[in-house]
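Enquirer: Can you read through this structure? Questions will come right after.
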Amino acid sequence: MEKLVIEGGKRLQGRVAAGGSKNAALPVLAACLLAEGTTVLRNVPRLSDVEILLAILRELGCRVERRADDAVEIEVLDESNCTAGYDLVSKMRASVCVLGPLIGRRRRARVSMPGGCVIGVRPIDLHEKGLSALGARMTLERGYLVAEVPAAGLQGTEIFLGGAFGSSVTGTTNVLTAAVYAAGTTVIESAACEPEVVDLAEMLVKMGAKIDGIGSPRLTIQGVRTLKGVEHSVIPDRIEAGTYLAGAAITRGDVTVTDCRPDHLRAASQILREMGMILEAGKTTLRAHHPETPLKPVDLTTLVYPGFPTDLQAQFMAALCVADGISVVTEKIYPDRFMHVPELLRMGAELRKTGSTVVVHGVPHLVGAPVRASDLRASAALVIAGCAAWGETEVHEIHHIDRGYDRIEAKLNGLGAGIRRVK
Ligand code: EPZ
(Lines give C-alpha, C1' and ligand atoms only; values in the text may rest on other atoms or scores of the structure.)
Protein backbone atom coordinates (compact mmCIF):
# COMPACT_ATOMS: atom_id res chain seq x y z
CA MET A 1 0.00 0.00 0.00
CA GLU A 2 1.21 3.53 -0.72
CA LYS A 3 1.02 6.52 1.57
CA LEU A 4 1.69 10.23 1.27
CA VAL A 5 4.15 11.70 3.80
CA ILE A 6 3.44 15.41 4.15
CA GLU A 7 5.74 17.94 5.81
CA GLY A 8 3.41 20.60 7.23
CA GLY A 9 3.68 24.31 7.95
CA LYS A 10 3.75 25.17 4.25
CA ARG A 11 2.00 27.99 2.43
CA LEU A 12 0.60 26.93 -0.99
CA GLN A 13 1.61 29.61 -3.48
CA GLY A 14 1.77 29.82 -7.25
CA ARG A 15 -0.12 28.57 -10.31
CA VAL A 16 -1.60 25.12 -10.88
CA ALA A 17 -3.63 23.83 -13.84
CA ALA A 18 -6.94 22.07 -13.35
CA GLY A 19 -7.23 18.82 -15.28
CA GLY A 20 -10.26 17.57 -17.18
CA SER A 21 -13.35 16.86 -15.09
CA LYS A 22 -13.62 13.24 -13.88
CA ASN A 23 -17.38 13.59 -13.45
CA ALA A 24 -17.84 14.98 -16.95
CA ALA A 25 -15.45 12.51 -18.59
CA LEU A 26 -17.25 9.43 -17.24
CA PRO A 27 -20.72 10.05 -18.77
CA VAL A 28 -19.13 11.56 -21.90
CA LEU A 29 -17.01 8.43 -22.43
CA ALA A 30 -20.07 6.22 -21.86
CA ALA A 31 -22.06 8.26 -24.39
CA CYS A 32 -19.55 7.29 -27.12
CA LEU A 33 -21.45 3.96 -27.16
CA LEU A 34 -24.27 5.87 -28.87
CA ALA A 35 -22.27 7.06 -31.89
CA GLU A 36 -21.47 5.68 -35.35
CA GLY A 37 -17.81 6.13 -36.21
CA THR A 38 -15.04 7.52 -34.05
CA THR A 39 -15.31 10.06 -31.22
CA VAL A 40 -12.17 11.98 -30.23
CA LEU A 41 -12.12 13.32 -26.67
CA ARG A 42 -9.61 15.85 -25.34
CA ASN A 43 -8.84 16.84 -21.75
CA VAL A 44 -9.77 13.36 -20.48
CA PRO A 45 -7.95 13.13 -17.14
CA ARG A 46 -5.51 10.28 -16.42
CA LEU A 47 -7.32 8.80 -13.38
CA SER A 48 -7.88 5.25 -12.19
CA ASP A 49 -11.66 5.76 -12.43
CA VAL A 50 -11.33 6.76 -16.09
CA GLU A 51 -9.09 3.75 -16.82
CA ILE A 52 -11.77 1.45 -15.38
CA LEU A 53 -14.44 2.94 -17.64
CA LEU A 54 -12.14 2.65 -20.68
CA ALA A 55 -11.71 -1.05 -19.82
CA ILE A 56 -15.50 -1.45 -19.65
CA LEU A 57 -15.87 0.22 -23.06
CA ARG A 58 -13.35 -2.27 -24.49
CA GLU A 59 -15.45 -5.10 -22.94
CA LEU A 60 -18.45 -3.58 -24.71
CA GLY A 61 -16.79 -3.83 -28.14
CA CYS A 62 -15.04 -0.47 -28.49
CA ARG A 63 -11.61 0.36 -29.86
CA VAL A 64 -10.17 2.64 -27.18
CA GLU A 65 -6.86 4.42 -27.70
CA ARG A 66 -5.03 7.13 -25.74
CA ARG A 67 -3.14 8.99 -28.52
CA ALA A 68 0.31 10.54 -28.26
CA ASP A 69 -1.35 13.97 -28.15
CA ASP A 70 -3.24 12.72 -25.06
CA ALA A 71 -6.64 12.65 -26.84
CA VAL A 72 -8.76 9.52 -26.38
CA GLU A 73 -10.24 7.85 -29.47
CA ILE A 74 -13.36 5.68 -29.07
CA GLU A 75 -14.85 3.70 -31.94
CA VAL A 76 -17.69 1.18 -31.52
CA LEU A 77 -16.70 -1.92 -33.50
CA ASP A 78 -18.90 -4.68 -32.09
CA GLU A 79 -22.25 -4.15 -30.34
CA SER A 80 -22.93 -7.79 -29.48
CA ASN A 81 -21.77 -7.77 -25.83
CA CYS A 82 -24.05 -5.73 -23.58
CA THR A 83 -22.76 -6.90 -20.19
CA ALA A 84 -20.70 -4.67 -17.92
CA GLY A 85 -19.26 -7.20 -15.49
CA TYR A 86 -19.09 -7.18 -11.69
CA ASP A 87 -15.29 -7.12 -11.44
CA LEU A 88 -14.97 -3.75 -13.20
CA VAL A 89 -18.27 -2.13 -12.12
CA SER A 90 -17.62 -3.03 -8.47
CA LYS A 91 -14.35 -1.08 -8.67
CA MET A 92 -16.09 2.09 -9.80
CA ARG A 93 -19.79 2.59 -9.15
CA ALA A 94 -20.10 5.38 -11.72
CA SER A 95 -19.68 2.67 -14.38
CA VAL A 96 -23.46 2.50 -14.08
CA CYS A 97 -23.39 5.42 -16.56
CA VAL A 98 -23.11 2.90 -19.43
CA LEU A 99 -26.68 1.80 -18.67
CA GLY A 100 -28.41 4.62 -20.55
CA PRO A 101 -26.32 4.42 -23.73
CA LEU A 102 -26.65 0.59 -23.87
CA ILE A 103 -30.44 0.78 -23.47
CA GLY A 104 -30.71 3.65 -25.94
CA ARG A 105 -28.52 2.22 -28.68
CA ARG A 106 -28.41 -1.57 -28.19
CA ARG A 107 -31.86 -1.88 -26.55
CA ARG A 108 -30.49 -4.26 -23.94
CA ALA A 109 -28.07 -4.04 -21.04
CA ARG A 110 -26.75 -6.20 -18.24
CA VAL A 111 -24.88 -4.04 -15.76
CA SER A 112 -23.72 -5.16 -12.35
CA MET A 113 -25.53 -3.22 -9.66
CA PRO A 114 -23.04 -0.62 -8.40
CA GLY A 115 -21.87 -1.15 -4.86
CA GLY A 116 -22.34 1.45 -2.20
CA CYS A 117 -19.36 3.34 -0.87
CA VAL A 118 -18.26 5.11 2.28
CA ILE A 119 -20.33 8.21 1.54
CA GLY A 120 -23.64 6.41 1.39
CA VAL A 121 -25.91 3.70 0.03
CA ARG A 122 -25.92 5.23 -3.47
CA PRO A 123 -29.33 3.89 -4.69
CA ILE A 124 -30.23 4.02 -8.39
CA ASP A 125 -34.02 4.01 -8.08
CA LEU A 126 -34.30 7.26 -10.06
CA HIS A 127 -32.21 5.78 -12.89
CA GLU A 128 -34.54 2.76 -13.01
CA LYS A 129 -37.67 4.93 -12.79
CA GLY A 130 -36.60 7.11 -15.71
CA LEU A 131 -35.41 4.27 -17.94
CA SER A 132 -38.54 2.22 -17.21
CA ALA A 133 -40.71 5.22 -18.11
CA LEU A 134 -39.06 5.22 -21.55
CA GLY A 135 -40.10 1.58 -21.95
CA ALA A 136 -37.09 -0.40 -20.74
CA ARG A 137 -38.05 -3.49 -18.70
CA MET A 138 -35.64 -3.57 -15.75
CA THR A 139 -35.13 -6.65 -13.57
CA LEU A 140 -32.52 -7.53 -10.96
CA GLU A 141 -30.91 -10.91 -11.66
CA ARG A 142 -28.23 -12.15 -9.23
CA GLY A 143 -26.77 -8.69 -8.65
CA TYR A 144 -27.09 -7.58 -12.25
CA LEU A 145 -29.51 -4.95 -13.51
CA VAL A 146 -30.95 -6.49 -16.70
CA ALA A 147 -32.75 -4.19 -19.12
CA GLU A 148 -34.71 -5.26 -22.18
CA VAL A 149 -36.43 -2.91 -24.64
CA PRO A 150 -39.55 -4.14 -26.53
CA ALA A 151 -39.32 -4.45 -30.31
CA ALA A 152 -41.16 -1.14 -30.73
CA GLY A 153 -38.18 0.58 -29.12
CA LEU A 154 -38.09 3.30 -26.47
CA GLN A 155 -41.00 5.76 -26.47
CA GLY A 156 -40.57 9.40 -25.43
CA THR A 157 -42.55 10.49 -22.37
CA GLU A 158 -42.60 12.95 -19.45
CA ILE A 159 -40.28 11.90 -16.62
CA PHE A 160 -39.99 13.49 -13.17
CA LEU A 161 -36.50 12.76 -11.84
CA GLY A 162 -36.69 14.73 -8.60
CA GLY A 163 -35.79 12.75 -5.51
CA ALA A 164 -35.43 13.51 -1.85
CA PHE A 165 -32.14 15.24 -2.65
CA GLY A 166 -33.32 17.42 -5.50
CA SER A 167 -32.07 15.61 -8.58
CA SER A 168 -29.61 12.92 -9.64
CA VAL A 169 -26.52 13.70 -11.73
CA THR A 170 -25.89 10.25 -13.23
CA GLY A 171 -29.63 9.53 -13.07
CA THR A 172 -30.03 12.45 -15.48
CA THR A 173 -27.13 11.36 -17.70
CA ASN A 174 -28.52 7.81 -17.92
CA VAL A 175 -32.03 8.90 -18.86
CA LEU A 176 -30.71 11.54 -21.27
CA THR A 177 -28.43 9.09 -23.13
CA ALA A 178 -31.36 6.69 -23.57
CA ALA A 179 -33.92 9.36 -24.52
CA VAL A 180 -31.85 10.62 -27.48
CA TYR A 181 -32.91 7.42 -29.29
CA ALA A 182 -36.50 7.25 -27.94
CA ALA A 183 -39.28 7.82 -30.51
CA GLY A 184 -41.00 11.18 -30.13
CA THR A 185 -40.49 13.73 -27.37
CA THR A 186 -39.09 13.14 -23.88
CA VAL A 187 -39.28 15.77 -21.15
CA ILE A 188 -37.04 15.26 -18.12
CA GLU A 189 -38.42 17.35 -15.27
CA SER A 190 -36.13 18.09 -12.31
CA ALA A 191 -33.05 17.14 -14.34
CA ALA A 192 -29.66 17.80 -12.71
CA CYS A 193 -28.08 21.10 -13.84
CA GLU A 194 -24.48 20.30 -12.94
CA PRO A 195 -21.86 21.51 -15.50
CA GLU A 196 -20.99 17.85 -16.11
CA VAL A 197 -24.55 17.20 -17.34
CA VAL A 198 -24.34 20.31 -19.55
CA ASP A 199 -21.03 19.09 -21.00
CA LEU A 200 -22.58 15.73 -21.90
CA ALA A 201 -25.67 17.35 -23.44
CA GLU A 202 -23.53 19.69 -25.54
CA MET A 203 -21.53 16.77 -26.89
CA LEU A 204 -24.74 14.85 -27.69
CA VAL A 205 -26.05 17.86 -29.65
CA LYS A 206 -22.77 17.95 -31.61
CA MET A 207 -23.36 14.24 -32.35
CA GLY A 208 -26.80 15.12 -33.79
CA ALA A 209 -29.10 14.83 -30.78
CA LYS A 210 -31.96 17.28 -30.36
CA ILE A 211 -31.96 18.62 -26.78
CA ASP A 212 -33.53 21.85 -25.49
CA GLY A 213 -33.25 23.38 -22.00
CA ILE A 214 -29.59 22.42 -21.52
CA GLY A 215 -28.46 23.70 -18.11
CA SER A 216 -32.03 24.01 -16.85
CA PRO A 217 -34.02 21.55 -14.71
CA ARG A 218 -36.25 20.77 -17.72
CA LEU A 219 -34.66 18.93 -20.66
CA THR A 220 -36.74 18.34 -23.80
CA ILE A 221 -35.37 15.70 -26.18
CA GLN A 222 -36.59 14.85 -29.68
CA GLY A 223 -35.56 11.29 -30.50
CA VAL A 224 -33.29 10.79 -33.55
CA ARG A 225 -32.32 7.69 -35.51
CA THR A 226 -28.56 7.88 -35.25
CA LEU A 227 -25.69 9.89 -33.81
CA LYS A 228 -22.22 10.34 -35.26
CA GLY A 229 -18.79 10.43 -33.67
CA VAL A 230 -17.42 13.95 -33.04
CA GLU A 231 -14.47 15.77 -31.45
CA HIS A 232 -15.15 17.08 -27.95
CA SER A 233 -13.09 18.60 -25.15
CA VAL A 234 -14.12 17.73 -21.59
CA ILE A 235 -14.69 20.68 -19.24
CA PRO A 236 -12.13 21.44 -16.51
CA ASP A 237 -12.59 19.76 -13.14
CA ARG A 238 -14.31 22.28 -10.88
CA ILE A 239 -13.83 20.06 -7.82
CA GLU A 240 -10.09 19.70 -8.38
CA ALA A 241 -9.89 23.49 -8.84
CA GLY A 242 -11.92 24.08 -5.67
CA THR A 243 -9.66 21.70 -3.77
CA TYR A 244 -6.56 23.79 -4.53
CA LEU A 245 -8.38 27.02 -3.61
CA ALA A 246 -9.33 25.44 -0.25
CA GLY A 247 -5.64 24.61 0.07
CA ALA A 248 -4.80 28.30 -0.35
CA ALA A 249 -7.29 29.10 2.42
CA ILE A 250 -6.06 26.57 4.96
CA THR A 251 -2.33 27.31 4.38
CA ARG A 252 -2.76 31.14 4.28
CA GLY A 253 -1.46 30.91 0.72
CA ASP A 254 -1.97 32.47 -2.68
CA VAL A 255 -3.01 30.05 -5.43
CA THR A 256 -4.06 30.70 -9.01
CA VAL A 257 -5.83 27.79 -10.69
CA THR A 258 -5.45 27.94 -14.47
CA ASP A 259 -7.34 26.12 -17.26
CA CYS A 260 -10.48 26.27 -15.11
CA ARG A 261 -14.03 27.63 -15.43
CA PRO A 262 -14.57 30.29 -12.71
CA ASP A 263 -18.27 30.36 -13.68
CA HIS A 264 -18.55 26.74 -12.42
CA LEU A 265 -17.24 27.78 -9.00
CA ARG A 266 -19.52 30.66 -8.02
CA ALA A 267 -20.86 29.06 -4.80
CA ALA A 268 -17.39 28.01 -3.63
CA SER A 269 -16.00 31.45 -4.55
CA GLN A 270 -18.72 33.11 -2.50
CA ILE A 271 -17.86 30.99 0.55
CA LEU A 272 -14.14 31.77 0.13
CA ARG A 273 -14.97 35.49 0.06
CA GLU A 274 -17.09 35.11 3.22
CA MET A 275 -14.08 33.41 4.81
CA GLY A 276 -12.09 36.55 4.02
CA MET A 277 -10.12 35.25 1.02
CA ILE A 278 -9.45 37.66 -1.82
CA LEU A 279 -10.71 36.21 -5.14
CA GLU A 280 -9.65 37.32 -8.62
CA ALA A 281 -11.31 35.65 -11.61
CA GLY A 282 -9.97 35.69 -15.17
CA LYS A 283 -11.56 33.98 -18.19
CA THR A 284 -9.93 30.61 -17.40
CA THR A 285 -8.16 31.40 -14.12
CA LEU A 286 -9.25 31.81 -10.52
CA ARG A 287 -6.92 33.21 -7.86
CA ALA A 288 -7.54 32.99 -4.10
CA HIS A 289 -5.17 34.70 -1.76
CA HIS A 290 -5.22 34.87 1.98
CA PRO A 291 -5.67 38.21 3.81
CA GLU A 292 -3.30 39.04 6.66
CA THR A 293 -6.16 38.42 9.14
CA PRO A 294 -7.29 34.88 10.20
CA LEU A 295 -10.00 33.16 8.17
CA LYS A 296 -13.55 34.04 9.19
CA PRO A 297 -16.02 31.29 10.14
CA VAL A 298 -18.98 30.63 7.81
CA ASP A 299 -22.11 28.51 7.64
CA LEU A 300 -22.20 26.30 4.56
CA THR A 301 -24.79 23.85 3.28
CA THR A 302 -24.26 21.52 0.33
CA LEU A 303 -26.93 21.61 -2.35
CA VAL A 304 -27.42 20.58 -5.96
CA TYR A 305 -25.87 22.91 -8.55
CA PRO A 306 -25.58 25.86 -8.52
CA GLY A 307 -25.48 25.45 -4.72
CA PHE A 308 -22.30 24.62 -2.81
CA PRO A 309 -21.07 21.23 -4.11
CA THR A 310 -21.01 18.23 -1.76
CA ASP A 311 -17.71 17.22 -3.40
CA LEU A 312 -16.03 20.27 -1.81
CA GLN A 313 -17.58 19.88 1.67
CA ALA A 314 -14.67 17.98 3.22
CA GLN A 315 -11.99 20.28 1.79
CA PHE A 316 -13.78 23.41 3.00
CA MET A 317 -14.44 21.89 6.43
CA ALA A 318 -10.68 21.34 6.73
CA ALA A 319 -10.09 25.03 6.01
CA LEU A 320 -12.77 26.07 8.52
CA CYS A 321 -10.95 24.04 11.19
CA VAL A 322 -8.43 26.90 11.41
CA ALA A 323 -10.89 29.78 10.99
CA ASP A 324 -11.25 32.22 13.88
CA GLY A 325 -14.66 31.23 15.25
CA ILE A 326 -17.51 28.74 14.96
CA SER A 327 -18.71 27.46 11.56
CA VAL A 328 -21.64 25.16 10.78
CA VAL A 329 -21.35 22.67 7.90
CA THR A 330 -24.56 20.92 6.77
CA GLU A 331 -24.51 18.07 4.23
CA LYS A 332 -27.78 17.81 2.33
CA ILE A 333 -26.76 15.46 -0.49
CA TYR A 334 -25.05 12.59 1.37
CA PRO A 335 -26.04 12.89 5.04
CA ASP A 336 -23.26 10.47 6.08
CA ARG A 337 -20.45 12.11 4.11
CA PHE A 338 -18.26 12.76 7.14
CA MET A 339 -15.47 10.15 6.97
CA HIS A 340 -12.99 13.03 7.24
CA VAL A 341 -14.33 14.12 10.66
CA PRO A 342 -12.59 11.46 12.84
CA GLU A 343 -9.37 11.96 10.87
CA LEU A 344 -9.45 15.76 11.29
CA LEU A 345 -10.10 15.21 15.02
CA ARG A 346 -6.84 13.22 15.14
CA MET A 347 -5.13 16.34 13.76
CA GLY A 348 -6.46 18.49 16.60
CA ALA A 349 -9.60 19.89 14.97
CA GLU A 350 -12.56 20.62 17.25
CA LEU A 351 -15.68 19.21 15.55
CA ARG A 352 -19.09 18.28 16.89
CA LYS A 353 -21.26 16.17 14.57
CA THR A 354 -25.00 16.01 15.11
CA GLY A 355 -26.87 14.21 12.33
CA SER A 356 -25.88 15.70 8.98
CA THR A 357 -24.45 18.84 10.55
CA VAL A 358 -20.98 19.46 11.94
CA VAL A 359 -20.16 22.42 14.19
CA VAL A 360 -16.54 23.46 13.62
CA HIS A 361 -14.78 25.30 16.46
CA GLY A 362 -11.76 26.93 14.83
CA VAL A 363 -8.34 26.22 16.37
CA PRO A 364 -5.12 28.20 15.81
CA HIS A 365 -3.51 25.34 13.88
CA LEU A 366 -3.80 21.60 13.19
CA VAL A 367 -1.09 19.10 14.18
CA GLY A 368 0.27 16.48 11.78
CA ALA A 369 -0.73 12.85 12.47
CA PRO A 370 -1.09 9.50 10.69
CA VAL A 371 -4.55 9.51 9.07
CA ARG A 372 -6.46 7.23 6.71
CA ALA A 373 -7.98 8.16 3.38
CA SER A 374 -11.52 6.96 2.72
CA ASP A 375 -13.83 8.75 0.30
CA LEU A 376 -12.05 10.44 -2.57
CA ARG A 377 -12.77 14.00 -1.46
CA ALA A 378 -12.27 13.35 2.26
CA SER A 379 -8.79 12.13 1.33
CA ALA A 380 -8.02 15.34 -0.55
CA ALA A 381 -9.17 17.29 2.53
CA LEU A 382 -6.62 15.41 4.66
CA VAL A 383 -3.84 16.17 2.18
CA ILE A 384 -4.41 19.93 2.26
CA ALA A 385 -4.87 19.75 6.04
CA GLY A 386 -1.48 18.02 6.23
CA CYS A 387 0.12 20.81 4.17
CA ALA A 388 -1.03 23.36 6.77
CA ALA A 389 -0.62 21.31 9.97
CA TRP A 390 2.41 21.64 12.23
CA GLY A 391 4.68 18.62 11.86
CA GLU A 392 4.37 15.55 9.65
CA THR A 393 1.17 13.90 8.40
CA GLU A 394 0.96 10.46 6.82
CA VAL A 395 -2.11 9.80 4.66
CA HIS A 396 -2.63 6.05 4.23
CA GLU A 397 -4.74 4.17 1.62
CA ILE A 398 -4.16 6.85 -1.00
CA HIS A 399 -5.57 4.75 -3.85
CA HIS A 400 -8.79 6.60 -3.00
CA ILE A 401 -7.12 9.89 -3.97
CA ASP A 402 -5.73 8.56 -7.25
CA ARG A 403 -9.29 7.84 -8.36
CA GLY A 404 -10.00 11.56 -8.73
CA TYR A 405 -6.72 13.47 -8.68
CA ASP A 406 -3.99 13.10 -11.28
CA ARG A 407 -0.67 13.15 -9.32
CA ILE A 408 -1.97 15.35 -6.50
CA GLU A 409 1.42 15.42 -4.78
CA ALA A 410 3.20 16.72 -7.92
CA LYS A 411 0.65 19.50 -8.33
CA LEU A 412 0.75 20.52 -4.66
CA ASN A 413 4.56 20.31 -4.51
CA GLY A 414 4.53 22.70 -7.47
CA LEU A 415 2.77 25.09 -5.09
CA GLY A 416 5.41 24.68 -2.36
CA ALA A 417 4.04 21.66 -0.48
CA GLY A 418 6.43 19.02 0.88
CA ILE A 419 4.78 15.71 -0.06
CA ARG A 420 6.44 12.34 -0.72
CA ARG A 421 4.66 9.22 -2.05
CA VAL A 422 6.07 6.22 -0.18
CA LYS A 423 5.46 2.55 -0.96
C1 EPZ B 1 -22.41 12.33 -8.91
O2 EPZ B 1 -22.75 11.11 -8.29
C3 EPZ B 1 -20.91 12.48 -8.75
N4 EPZ B 1 -20.24 11.34 -9.38
C5 EPZ B 1 -20.54 12.53 -7.26
O6 EPZ B 1 -19.15 12.78 -7.17
C7 EPZ B 1 -21.29 13.70 -6.62
O8 EPZ B 1 -21.02 13.71 -5.24
C9 EPZ B 1 -22.79 13.53 -6.86
O10 EPZ B 1 -23.06 13.44 -8.27
C11 EPZ B 1 -23.60 14.70 -6.32
O12 EPZ B 1 -23.16 15.90 -6.92
C13 EPZ B 1 -20.17 11.30 -10.73
O14 EPZ B 1 -20.64 12.19 -11.42
C15 EPZ B 1 -19.44 10.14 -11.33
P16 EPZ B 1 -26.57 11.71 -7.47
P17 EPZ B 1 -24.24 10.50 -8.47
O18 EPZ B 1 -27.28 10.64 -8.21
O19 EPZ B 1 -24.76 10.82 -9.81
C20 EPZ B 1 -29.53 10.16 -4.14
C21 EPZ B 1 -16.93 12.37 -6.50
O22 EPZ B 1 -16.38 12.54 -5.41
N23 EPZ B 1 -30.02 9.29 -5.21
O24 EPZ B 1 -26.67 13.12 -7.95
O25 EPZ B 1 -24.19 9.07 -8.06
C26 EPZ B 1 -28.10 9.82 -3.74
O27 EPZ B 1 -28.08 8.79 -2.77
C28 EPZ B 1 -18.32 11.76 -6.57
O29 EPZ B 1 -16.44 12.69 -7.62
C30 EPZ B 1 -31.18 8.55 -5.00
O31 EPZ B 1 -31.78 8.61 -3.94
O32 EPZ B 1 -25.03 11.34 -7.38
C33 EPZ B 1 -27.59 11.13 -3.20
O34 EPZ B 1 -28.03 11.26 -1.86
C35 EPZ B 1 -18.81 11.32 -5.20
N36 EPZ B 1 -31.64 7.76 -6.00
C37 EPZ B 1 -28.30 12.17 -4.07
O38 EPZ B 1 -29.44 11.51 -4.63
C39 EPZ B 1 -30.99 7.67 -7.22
O40 EPZ B 1 -31.47 6.93 -8.10
C41 EPZ B 1 -27.47 12.72 -5.21
O42 EPZ B 1 -27.00 11.61 -5.92
C43 EPZ B 1 -29.82 8.43 -7.41
C44 EPZ B 1 -29.36 9.25 -6.40
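The values are calculated or read from the model by the stated rules, or taken from the named source; none is laboratory data. Just so we're clear, the structure is a prediction, and the values are computed from it rather than from any experiment. In this analysis, Cβ positions are derived from the backbone assuming ideal geometry, glycine residues included, and neighbour counts consider all displayed protein chains. For the accessible areas, the whole protein counts, side chains as well, though only heavy atoms, and no ligand, DNA or RNA atoms are used. Shrake-Rupley method; radii C 1.70, N 1.55, O 1.52, S 1.80 Å.
Enquirer: Assuming R0 = 30 Å, can you tell me the calculated FRET efficiency for the pair Arg46 and Ala164, based on Cβ-Cβ distance, to the nearest 0.05?
Expert: Numbers: r = 35 Å, r/R0 = 1.17.
The computed FRET efficiency comes out at 0.30.
Enquirer: Suppose every K and R has +1 on its Cβ and every D and E has -1 on its Cβ; what is the size of the dipole of the chain about the Cα centre, in Debye to the nearest 20?
Expert: Working: 48 positive and 48 negative charges, 33 e Å.
Charge dipole of the chain: 160 debye, to the nearest 20.
Enquirer: Taking the Kirkwood radius as the inverse of the mean 1/r across Cα pairs, report the Rg/Rh of region 15-61. List each step's numbers first, then the result.
Expert: Details: Rg = 11.6 Å, Rh = 11.5 Å.
So for region 15-61, dividing Rg by the Kirkwood Rh gives 1.00.
Enquirer: In addition: If contacts are Cα pairs under 8 angstrom and at least 6 residues apart, what is the relative contact order of region 226-270 in percent? All intermediate terms of the calculation are to be shown ahead of the outcome.
Expert: Values: 21 pairs, mean separation 18.0, N = 45.
Dividing the mean separation by the residue count of region 226-270 yields 40 percent.
Enquirer: So, in nm, how far is label Glu292 from label Cys117 when the simple model puts each one 7 Å beyond its Cα toward the Cβ?
Expert: 4.3
Enquirer: Using a simple spin-label model with points 7 Å from Cα along the Cα→Cβ vector, what separation in nm is obtained for Gln270 and Glu189?
Expert: Using points 7 Å along Cα→Cβ, the separation is 2.7 nm.
Enquirer: Run the numbers for Glu7 and Thr139: contour at 0.36 nm per residue of separation, minus the present Cα-Cα distance, in nm. Before the final figure, lay out the partial values.
Expert: Details: separation 132, 0.36 × 132 = 47.52 nm, distance 5.15 nm.
That pair, Glu7 and Thr139, stretches by 42.4 nm at full extension.
Enquirer: Provide the FRET efficiency to the nearest 0.05 for the Leu345-Trp390 pair, computing r from the beta carbons and using R0 = 22 Å. Intermediate results must be reported in sequence, preceding the final value.
Expert: Working: r = 16 Å, r/R0 = 0.73.
Efficiency, rounded to the nearest 0.05: 0.85.
Enquirer: Nearest-5 percent of antiparallel DSSP beta bridges in the chain? Kindly include the intermediate steps, with their values, before the conclusion.
Expert: On the way: 57 of 81 bridges.
Percentage antiparallel, nearest 5: 70.
Enquirer: At q = 0.28, 0.31, 0.33, 0.35 Å⁻¹, what is the log10 ratio I(q)/I(0) for region 277-317, with the Debye formula run over Cα points and no solvent?
Expert: -1.05, -1.02, -1.02, -1.03
Enquirer: Turning to a different aspect of this structure: Relative contact order for the chain: what percent, with Cα pairs under 8 Å and sequence separation of 6 or more?
Expert: 21
Enquirer: Can you report the principal axis dimensions of the chain using only the alpha carbons, biggest first, rounded to whole angstrom?
Expert: Rounded to whole Å, the extents work out to 66, 44, 43 Å.
Enquirer: Another question about this same structure. Ordered by residue, what ³J(HN,Hα) values in Hz, to whole numbers, does region 414-422 give under the Karplus form 6.51 cos²θ - 1.76 cosθ + 1.60, where θ = phi - 60° and Gly and Pro are x?
Expert: Each residue of region 414-422 in turn: x, 9, x, 6, x, 10, 10, 8, 10 Hz.
Enquirer: R0 = 35 Å: FRET efficiency of Asp263 with Ala151, Cβ-based, nearest 0.05? It would help to have the intermediate numbers written out before the result.
Expert: On the way: r = 45 Å, r/R0 = 1.28.
E(calc), rounded to 0.05, equals 0.20.
Enquirer: Gaussian network model of the chain, Cα springs within a sub-10 Å range: biggest mean-square fluctuation belongs to which of Glu79, Glu409, Glu343?
Expert: Checking each option, the largest mean-square fluctuation is seen for Glu79.
Enquirer: Can you compute 3J(HN,Hα) from phi for each residue in region 346-351, using the Karplus curve 6.51 cos²θ - 1.76 cosθ + 1.60 with θ = phi - 60°, rounded to whole Hz and x for Gly and Pro?
Expert: Values per residue, Gly and Pro as x: 4, 8, x, 5, 10, 10 Hz.
Enquirer: With the crude spin-label approximation of a point 7 Å out along Cα→Cβ, what separation in nm comes out for Glu65 versus Asn81?
Expert: Each label point lies 7 Å from its Cα, and together they span 2.0 nm.
Enquirer: I'd like to check one number: the per residue accessible area of region 98-205, probe 1.4 Å, reported in Å² as a whole number. Don't skip to the end; give the middle numbers.
Expert: Details: 3930 Å² over 108 residues.
Value returned for region 98-205: 36 Å² of accessible area per residue.
Enquirer: For region 345-421, what is the charge dipole size about the Cα centre, in debye to the nearest 20, if Lys and Arg each add +1 at the Cβ and Asp and Glu each add -1 at the Cβ?
Expert: Values: 10 positive and 8 negative charges, 22 e Å.
In total the dipole reaches around 100 debye.
Enquirer: How long are the semi-axes of the equivalent ellipsoid of region 233-299, defined as square roots of 5 times the Cα gyration tensor eigenvalues? Whole Å, largest first.
Expert: On the way: eigenvalues 83, 26, 19 Å².
Working from the Cα gyration tensor, I get semi-axes of 20, 11, 10 Å.
Enquirer: For region 324-338, just list the computed ³J(HN,Hα) in residue order, Karplus coefficients 6.51, -1.76 and 1.60, θ = phi - 60°, integers in Hz, with x standing in for Gly and Pro.
Expert: So the J values, rounded to whole Hz, are 8, x, 10, 10, 10, 10, 10, 9, 9, 9, 10, x, 9, 7, 9.
Enquirer: If all Cα-Cα distances of region 338-423 are sorted into 5 Å bins from 0 onward, what percent lands in each bin, rounded to whole numbers?
Expert: All Cα pairs, binned at 5 Å, distribute as 3, 15, 25, 25, 18, 10, 4, 1 percent.
Enquirer: Cα atoms only, region 38-91: Rg and Dmax in Å?
Expert: 11.4, 32
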